[in-house]
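Worksheet: one structure, shown below.
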Amino acid sequence: MVSSLKRTYGSGIREASTYLGQNYLVVDSAAVMDVLNILRQEQEFDYCVDITAAHYPQREKQFDLIWILYSFSKNERVRVKTQLGDGESLPTSTSIWPTANWLEREVFDMFGITFEGHPDLKRILLPDGWKGHPLRKDYGIIQQDKEWVQINLGIESGQ
Amino acid sequence: MLDYIKSYLDMNATPGQAGNFFWATVYIFVVFGGVSVAVMAMNWLERKALAHFQIRLGPMRVGPHGLLQPIADALKLLTKEDIIPAQADKFVFWIAPLIILCASFTVYIVIPFGPTHAITDLNIGILFMLGVSSLSVLGVVMAGWASNSHYPLIGALRSSAQMVSYEVAMGLAVVSAVLMTSLNKTGTGTLSMIGIVQAQQAQQTWFLFKFFPLGFIAFVVFAIAMVAETNRAPFDLPEAESELTAGFHTEYSGLRWSLFMLGEYAAMIAVSSIAVTLWLGGWMRPFPHLLAGETWDLVFSLFPGFTFLALAVFCFIGVARMPKHPYFRVQTIGLAGFGIVLGLIGLTLFAPPVRDRVFDIYWFCIKVAGFMYLYIWYRATFPRYRFDQLMKVGWKVLLPIAVGVLILTAIMGVIW
Amino acid sequence: MTPVATTFFFYFLSGLAVLGGILVITRRNPVHSALALILTLLAVAGLYLMLYAPFVAGVQIILYVGGIMVLFLFVIMLVNLDRAAKEDQFNKQWLVGMIAAAALLGLFMAVYLKGKYMFPIQEAQLPEQSNVQEVALSLYGNYLFAFEIASLLLLVAIIGAVVMAKKRI
Amino acid sequence: MTDPTTYLSHLELGQPDKTFLDSNELIINMGPQHPATHGVLRVILKLDGEKVLGTECVIGYLHRGVEKIAEHRTYTMFNPYVDRMDYVAAVSNGLGYCEAVEKILNVQAPPRANYIRVILAELNRLASHMLWLGTHALDIGAMTPLFYTFRDREEILKIFEKYCGARLTTHAFRIGGCQYETYEGFEDDVKKFLDFVPPKIDEYEELLTTNRIWVERTKGVGYISGDDCIALGVTGPVLRASGVKWDIRKAQPYAAYSDFDFEIPIGQNGDTYDRYIVRMEEMRQSLRIIRQAIERIPEGPIMAKIPKVIKPPVGEIYHSIEAPKGELGYFIVSDGSTQPYRVRVRPPSFVNLQALDLMVRGQLVADVIAVIGTLDIVLGEVDR
């Protein structure tokens, strides 16, 4: 599978390997949508388990965006990973897997990564109007949007 | 005064018919007071019985076995803040619980606890009951609308649709019982509540068993419709807790809310009384003809006394099982006192003049109590219907059956 | 049983009925109007009772108050009438309305003044105890044909309402 | 609180039927304080009379930032936090987390520990399903099953309490195995429980399975097809009730599940009734697994050899288990320090809740309640 993908997208796929028995692909952000489409259409990865991200503030491209996929017919998992800079955005994958709707909203909520063409991209766990994206490394663990708390809850501080 | 008492003992009709204003007033107070007490007792019993269905104990803290719980609840409700939502229509909001309460209490005017034990006897008795109890829909609708909130509004819409549709099946079932009263030599039936029971007496059968299974089917239709009519499980959609929080009385609190509860329970007792009067022989004791004669009369008239004695014994068993701890001393004494009071009432009920005057009331109340138990049983057993299913049951099942039974009863009446 | 304070109750109930009628047309809020109408209907039911017609009174309560008015309220709550409350209450046809009302008043006056000759007063002969039976005998005996015609008419009305309300049957 | 109408503006909602009476649509705010939303779920409903035209879930009222906390705790210290997500199935959460960390450390828990894990996790599945059944039945209006299931769940919690001292948030497992050896009489307790529960499950079924009202309320309600389930990422009993025979315990066995013989119950219709039947059958299968495990439990150590200070090598791992509600996954990124660089929890409730809108469109308000109940969500896990 990996080899066939590599043949088509030789330049886009940076790395395809296995760590502790788990397959993963590292793909250029430009090629990632095509790879995901191929995985869904041709390789029958019909179940999008999770979409998530990780933040590396020291890197130039700060975010790792990770899709975890599963194929019912092959009973196989694969992770697709791409790197993304702050402020960059990706096309949405809701058209490939409808479940990506809420998962992408959560990534947006927690990391501030935007997805183009998402039907309803807004905060999901935090309230609308909250400032900051808590799972970024530069967001402190006890940090909060004091202004929002004061306006909406009528208390000085949530702590 | 003596004249008044004498006039009571000589009375052979209800005070309303006899035009005896003094006793009519006394009866009104006794009946309404009795209903209020019955509602409180019903409240306690429901919580207790439901708890035991569900392997819990129910109220245990206020008084021995929670006997004083209804009083504590009443006090709590009286002292609670009476909230009227800012956007509510104040006048309608204020009058809605009163309408429900009035409607469900007014029907007690014609309920016959015995041949002479009713406030009055109207010759349109059953019609009066159906008419007045149908007024409580108005209260529900007004309460839901006046709250100016979505949940009560949906609750009110549901309940008005439900009560109006079930009234139809209920009315038809009642008509088939009324039809049975005309099966005598003169061929004239009656709508009077006392007349209906007397017709059963004359025909020597409860209408439940008349033209078996016709009477029985009509009774079942009525018994289902009356549960829907009083908004109780499994037809408690208007106040479905899991969907509409509390339905039409979501916004009510304190005293007003308790008026709704009082009205609901009073209405439950009232419709059960209709069922008892129409199909279960009203105040008649079991087997009045099969086991006729002086001896049997005596035996059955001893029942009320024995019932109260049994309750007293129950209390004393409770006293014996109370934990022997100073903390429980007051409760133990209280329970013993309650047992003694019940026992004394029981003994009084053995006295011949009292015995003769109460045994019809007793049999009527016992039959109604059976229905009350059924209400609790339903609530513990059944899930709730969905609204469209409820309507389907009302219009597509109960109504055709009621019409069919009515027609068959009429045919049977002509053939007979 | 002799009637008590007949005159008082007559004026009391008629007063209530008239008051309810006035409230029906003057309240802005349709729900309040409906409630006032219920008051009127109940007062009229009381008047029936005074005429020794308990059956008619009972039917009045069951059908009009318990059934029809509940449906009225049902519809009022379902259909958003906020707009109606803000609109001008008396529209341009008030002149026609006044004329019609005056004509009706004239008719009533004529009946009141000349009624004694047109409808000679006589005591009602219906015995109180068998009121229901008397009504039944009239309806199913003398006026059976008219009664059945009326029921047929109602059936047609129901079917018509269903056809109008439902897009596809 | 924002005006509910703004939430629904983006959705392509149906329009109310234009009839003679030209009825209006109604927007209703269900929750966050509502007796039937199982916590602080807020659902905004657009209704045509009683018919649901569309819904929007507003979640996050219970958000505690579990994933953020993880980045500031060591691997061991974070272990108790996972219990607080799905608090009715805390053992499963702990199992998933411990196995994920073991995987990134590349160690294996010893067989005895695995057996203990399976027994406790299956007991927890029973407890979770019992709680679901009680509340679901209560939502549909049947009060009594709630008390019956709580009575029997109590027995499970007693076993937990005796084993690890806690009833709800158990923190039963440690990275590398189990902290505690089974207490004396553990096997007897579990065997007694195994004999005690089957008649109770029959009792619940007696109350509900053939109850006419129950069947009418659940058959054909909240239908979702197997394909829709897969597309929406719905897992667990909901997926199986739609006819997809997939269970991670069978598909990718973890702990000691490959040693046991059990069935995966599936339904055909994908409605609320089938989900009920599937969960009831799953309870019986869990009993079967526990019985096999308790009979074959091996002797031996309960802790693998792991370093005192857990410092996994740099790398990433995703590990998932079959929690009572569906696939519960942990994605852990390690930077070689004592604290995880990133822990991502893939919560089954969160993803399953997304299917609510599809399942209730065109149904009645009462069905929304039934469907929320049948999805078996725990808001602690949805919001984390």
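Residues checked against (1) in contact (Cβ under 8 Å) with a residue 40 or more places away in the chain; (2) of a type in the set (V, I, T):
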{"position": "B:A336", "(1), (2)": "no, no"}
{"position": "B:G343", "(1), (2)": "no, no"}
{"position": "B:P353", "(1), (2)": "no, no"}
{"position": "B:D356", "(1), (2)": "yes, no"}
{"position": "B:W363", "(1), (2)": "yes, no"}
{"position": "B:F371", "(1), (2)": "yes, no"}
{"position": "B:I376", "(1), (2)": "yes, yes"}
{"position": "B:Y385", "(1), (2)": "yes, no"}
{"position": "B:V397", "(1), (2)": "no, yes"}
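Return the pair list, or none, for Cβ contacts closer than 6 Å from residues in segment B:281-309 that are at positive phi to residues that are of a type in the set (A, V, I, L, M, F, W, C) and outside any helix (DSSP H, G or I), at least 6 apart or on different chains.
Filtered contacts from segment B:281-309: B:G281/B:W206.
The rows are residues; the columns are (1) of a type in the set (V, I, T); (2) assigned to a helix (DSSP H, G or I); (3) within 12 Å of the chain's Cα centre (by Cα).
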{"position": "C:Y11", "(1), (2), (3)": "no, yes, no"}
{"position": "C:G15", "(1), (2), (3)": "no, yes, no"}
{"position": "C:I25", "(1), (2), (3)": "yes, yes, no"}
{"position": "C:S33", "(1), (2), (3)": "no, yes, no"}
{"position": "C:L39", "(1), (2), (3)": "no, yes, yes"}
{"position": "C:V44", "(1), (2), (3)": "yes, yes, yes"}
{"position": "C:F55", "(1), (2), (3)": "no, yes, no"}
{"position": "C:G58", "(1), (2), (3)": "no, yes, no"}
{"position": "C:F74", "(1), (2), (3)": "no, yes, no"}
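Could you list, ordered by first residue, the pairs with Cβ atoms under 6 Å in which the first is in segment D:127-156 and more than 7 Å from chain B (Cβ to nearest Cβ) and within 18 Å of D:T272 (Cβ to Cβ) and the second is polar (S, T, N, Q) and part of a helix (DSSP H, G or I), at least 6 apart or interchain?
D:M130/D:T149; D:L133/D:T149; D:G134/D:T149
Of these, D:P198, D:P145, which one is surrounded by fewer than 20 Cβ atoms within 10 Å (Cβ to Cβ) and within 29 Å of D:V244 (Cα to Cα)?
Working: D:P145 fails: surrounded by fewer than 20 Cβ atoms within 10 Å (Cβ to Cβ).
Being surrounded by fewer than 20 Cβ atoms within 10 Å (Cβ to Cβ) and within 29 Å of D:V244 (Cα to Cα) holds for just one of D:P198, D:P145, which is D:P198.
Among the residues that make up segment D:36-50, is at least one of them modelled with pLDDT of 70 or more, away from chain B (no Cβ under 14 Å) and out of contact with any strand residue (DSSP E or B) (no Cβ under 9 Å at 6 or more places or on another chain)?
yes
From the list B:A246, B:A270, B:A275, B:A292, pick out the single residue that is within 30 Å of B:S133 (Cα to Cα) and at pLDDT below 80.
B:A246
Specify the residue that is surrounded by the fewest Cβ atoms within 10 Å (Cβ to Cβ); the eligible residues are those in segment B:163-213 that are assigned to a loop (DSSP other than H, G, I, E, B) and of a type in the set (D, E, K, R). Give the derivation first.
Keep residues of segment B:163-213 that are assigned to a loop (DSSP other than H, G, I, E, B), which gives B:182-192, B:204-206, B:210-213.
Of the ones still in play, those that are also of a type in the set (D, E, K, R) are B:185, B:210.
On the way: B:K185: 6, B:K210: 25.
Among them, the one singled out is B:K185.
If you take the residues of segment D:210-222 that are among the β-branched types (V, I, T) and within 12 Å of chain B (Cβ to nearest Cβ), which of them is surrounded by the fewest Cβ atoms within 10 Å (Cβ to Cβ)?
Among them, the one singled out is D:V215.
Among what's in segment D:342-378 and is assigned to a loop (DSSP other than H, G, I, E, B) and either small (G, A, S) or within 9 Å of another protein chain (Cβ to nearest Cβ) (or both), pick the residue that is surrounded by the most Cβ atoms within 10 Å (Cβ to Cβ). So that I can check it myself, show each step before the final result.
Step one: list which residues in segment D:342-378 are assigned to a loop (DSSP other than H, G, I, E, B), which gives D:347, D:354-355, D:361-363, D:376-378.
Going one step further and asking which of them are either small (G, A, S) or within 9 Å of another protein chain (Cβ to nearest Cβ) (or both), we end up with D:354-355, D:362.
Details: D:Q354: 20, D:A355: 23, D:G362: 12.
Ranking the candidates gives D:A355 first.
Among the residues of segment D:66-98, which ones are surrounded by 20 or more Cβ atoms within 10 Å (Cβ to Cβ) and in a loop (DSSP other than H, G, I, E, B)?
D:D83, D:M85, D:D86, D:V88, D:A89
Just for segment C:15-63: of the residues that are more than 23 Å from B:S165 (Cβ to Cβ) and among the polar types (S, T, N, Q), which one is modelled with the highest pLDDT?
Per the criteria, the residue is C:T40.
Quick check, is B:I71 hydrophobic (A, V, I, L, M, F, W, C), more than 11 Å from every other protein chain (Cβ to nearest Cβ) and assigned to a helix (DSSP H, G or I)?
Against the criterion (hydrophobic (A, V, I, L, M, F, W, C), more than 11 Å from every other protein chain (Cβ to nearest Cβ) and assigned to a helix (DSSP H, G or I)), B:I71 qualifies.
Taking segment D:223-255 on its own, how many of its residues are modelled with pLDDT of 85 or more and away from chain A (no Cβ under 14 Å)?
The total comes to 3.
Rundown of residues vs (1) free of Cβ contacts under 8 Å to residues at least 24 places away in the same chain; (2) in contact with a Pro (Cβ under 9 Å, 6 or more places away or on another chain); (3) among the polar types (S, T, N, Q); (4) closer than 26 Å to D:Q108 by Cα, yes/no style:
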residue: D:G226; (1), (2), (3), (4): no, no, no, no
residue: D:I230; (1), (2), (3), (4): yes, no, no, no
residue: D:V244; (1), (2), (3), (4): yes, no, no, no
residue: D:P253; (1), (2), (3), (4): yes, no, no, yes
residue: D:I277; (1), (2), (3), (4): no, yes, no, no
residue: D:E281; (1), (2), (3), (4): yes, yes, no, no
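Take the residues of segment A:109-147 that are within 13 Å of another protein chain (Cβ to nearest Cβ), closer than 22 Å to D:C57 by Cα and aromatic (F, W, Y): which is surrounded by the fewest Cβ atoms within 10 Å (Cβ to Cβ)?
Per the criteria, the residue is A:W130.
So, in segment A:12-57, of the ones that are at positive phi and not hydrophobic (A, V, I, L, M, F, W, C), which residue ends up nearest to the chain's Cα centre (by Cα)?
A:E44
Could you check, for segment A:70-91, whether at least one of its residues is among the β-branched types (V, I, T), at pLDDT 85 or above and closer than 27 Å to D:V58 by Cβ?
No, segment A:70-91 has no match at all.
So in segment B:119-129, with the set limited to residues that are in contact (Cβ under 8 Å) with a residue 60 or more places away in the chain and in a helix (DSSP H, G or I), which one is nearest to the other protein chains (Cβ to nearest Cβ)?
B:L127
Can you work out which of the residues in segment B:318-354 that are assigned to a helix (DSSP H, G or I) and of a type in the set (G, A, S) is nearest to B:V62 (Cα to Cα)?
Within segment B:318-354, the match that is nearest to B:V62 (Cα to Cα) is B:G334.
What pairs come up if the first residue lies in segment A:35-54 and is within 11 Å of chain D (Cβ to nearest Cβ) and assigned to a helix (DSSP H, G or I), the second is buried (at least 19 other Cβ atoms within 10 Å of the Cβ) and among the β-branched types (V, I, T), and their beta carbons are under 6 Å apart, counting only those six or more places apart or on different chains?
Close Cβ pairs satisfying both conditions: A:R40/A:I96.
Considering each of B:V174, B:V137, B:V141 in turn, give the residue that is more than 7 Å from every other protein chain (Cβ to nearest Cβ) and of a type in the set (A, V, I, L, M).
Exactly one residue qualifies, and that residue is B:V174.
The values are calculated or read from the model by the stated rules, or taken from the named source; none is laboratory data. The shown structure was predicted, so the numbers you read here are calculated from the model rather than taken from an experiment. Virtual Cβ from ideal backbone geometry, glycine too; neighbours counted across all protein chains shown.
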